[in-house]
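Accompanying notes for the structure given below.
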Amino acid sequence: MLTNGLVAAVLAAMLLAPTAIAGPVNVNTADAKTLARELQGVGMAKAEAIIAYREKNGPFKTADDLVKVKGLGKKLVDRNKANFRFEAQKSTG
């Protein structure tokens, strides 16, 4: 019986591990797929909203700027704060 419990615990850990480990990700250069994969609670729709906001308003400077994106709340931003990077996109030329 202990073996079944151990197997269940290992399987649960394996299933939860990908969502528990996230980022870091540069929100000023990452594509939507990367944002959705690396940030907890961010799917493709929110990732695309981040990119649309960035393209319209310029690069993000702080995590607080991300709260301005429709669909991103303070809790979600706070949950991912340690994984955000804000280096500006390098210009070519």
When you scan the stretch 29-50, do you find a residue that is at pLDDT below 95 and among the hydrophobic types (A, V, I, L, M, F, W, C), even just one?
no
Exception for residue 64 within (1) among the charged types (D, E, K, R); (2) in a helix (DSSP H, G or I); (3) at pLDDT 95 or above falls at (3)
Does the stretch 75-82 contain any residue that is assigned to a loop (DSSP other than H, G, I, E, B) and either out of contact with any helix residue (DSSP H, G or I) (no Cβ under 8 Å at 6 or more places or on another chain) or surrounded by fewer than 12 Cβ atoms within 10 Å (Cβ to Cβ) (or both)?
no
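The values are calculated or read from the model by the stated rules, or taken from the named source; none is laboratory data. Please read all numbers here as calculations on a predicted model, not as lab measurements. When we count neighbours, we look across all protein chains shown, and the Cβ atoms used for this are built from the backbone with ideal geometry, even at glycine.
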